[in-house]
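So the structure is just underneath, and the comments pick up after that.
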């Protein structure tokens, strides 16, 4: 199952992706992508997503703490 970590700032998303890649090398470095919304012409307000696959349920508390530190949140896809 893919998990989406959502951030308002690109720098925050990239920092979290790098940290997760270090913490959990078995899942590799997560992808950072810009959220695209259907019908949106102005991407200025679009969120930054860190797409993580393969994280064990047992580590989600640690991931959530990291995401919260950067004022983000986690969504399941």
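The values are calculated or read from the model by the stated rules, or taken from the named source; none is laboratory data. Predicted, not measured: the structure shown is a model, and the values here were computed from it. Cβ sites come from the backbone with ideal geometry, for glycine too, and all protein chains shown count toward neighbours.
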Taking into account only those residues within region 51-77 that are within 15 Å of residue 23 (Cβ to Cβ) and without any contact (Cβ under 8 Å) to a residue 12 or more places away in the chain, which is nearest to the chain's Cα centre (by Cα)?
64
For residues in region 55-77 being assigned to a strand (DSSP E or B) and exposed (fewer than 12 other Cβ atoms within 10 Å of the Cβ), which is modelled with the highest pLDDT?
75
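Out of the residues in region 11-54 meeting the condition of being exposed (fewer than 12 other Cβ atoms within 10 Å of the Cβ) and touching a strand residue (DSSP E or B) at 6+ places or on another chain (Cβ under 7 Å), tell me which one is modelled with the lowest pLDDT.
Per the criteria, the residue is 43.
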